[in-house]
Amino acid sequence: MKKVLTIAFLSLIGAIHAQKWQNSFDDALDLANKENKPIVLVFSGSDWCAPCIRLKRSILDSDEFKSYASSNYVLYNADFPKKKKNQLPEEKSLVNKTLAEKYNPKGYFPLVVVLDKNETVLGKTGFHVKTSPKKYIATLNGFVK
């Protein structure tokens, strides 16, 4: 019984600190409007783009970013995997392509775009290896003001 309670408690803590990536851009927009939060739109190539993988590992998956993002941002990952086993459903792939045409026409990877709830671009940034989660959060917040 003690083991079950421990596992349940750790799962609850993990859920509290985990940021929630939205499954669709429409869900992200709805939540941004409902909670009056900016959207962090990440363009990534999860299985081929080395800087994208580093951004995810060193910033987006960090406890500091997860904790901050869960309270302050709505998150959506417009992923463009290349390996057949990682392909997205056709509908999601088409949405991501449309988002790329609108917000990332030059095809930069990774590209992080901060949008307000009305889809207005507040700022864009990439990823620099020597940045920390704290500095990255400050950069994103600088766009929101």
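The values are calculated or read from the model by the stated rules, or taken from the named source; none is laboratory data. Predicted, not measured: the structure shown is a model, and the values here were computed from it. Cβ sites come from the backbone with ideal geometry, for glycine too, and all protein chains shown count toward neighbours. Note: accessible area is taken over every heavy atom of the protein model, side chains too, but ligands, DNA and RNA are not part of it. Shrake-Rupley method; radii C 1.70, N 1.55, O 1.52, S 1.80 Å.
Simple rule: put +1 on each Lys or Arg Cβ and -1 on each Asp or Glu Cβ in the chain, find the dipole, and look at 44, 78, 93; the Cα lying farthest toward the positive end is 44. When the listed pairs 66/135; 66/134; 83/135 are checked against a 22 Å cut-off, the alpha-carbon distance exceeds it for 83/135.
Calculated FRET efficiency, residue 130 to residue 97, Cβ-Cβ distance, R0 = 25 Å: about 0.20 to the nearest 0.05. The charge dipole of the chain, taken about the Cα centre with unit charges on the Cβ atoms of Lys, Arg (+1) and Asp, Glu (-1), comes to about 580 debye, rounded to the nearest 20.
In straight-distance terms, cross-link reach from residue 85 covers every one of the lysines whose alpha-carbon lies under 22 Å from its own, apart from those fewer than eight places away in the same chain; here that gives 56, 97. Taking amide hydrogens as placed 1.01 Å from N in the peptide plane, the amide H of residue 119 sits under 5 Å from that of no residue at least 5 positions away in sequence or on another chain. Remark: the residue 72-residue 54 segment gains 4.2 nm on full extension, using 0.36 nm per residue and subtracting the alpha carbon distance.
Taking all protein chains as they are arranged and a probe of 1.4 Å, the heavy atoms of residue 60 leave approximately 10 Å² accessible to solvent.
Counting only DSSP H runs of at least 4 residues, each contributing -39500 (n - 2.57), and dividing by the residue count of the chain, the helix-based mean residue ellipticity at 222 nm comes to -14500 deg cm²/dmol.
Summarising the amide proton neighbourhood of residue 74: residues at separation of 5 or more, or on other chains, whose placed amide H is nearer than 5 Å comprise 39, 40. Label zone (residue 33, point 7 Å along Cα-to-C-beta; backbone nitrogen cut-off 17 Å) within the stretch 73-89: 74-75. The candidates 145, 56, arranged from most to least accessible area with a 1.4 Å probe in the full protein assembly, appear as 145, 56.
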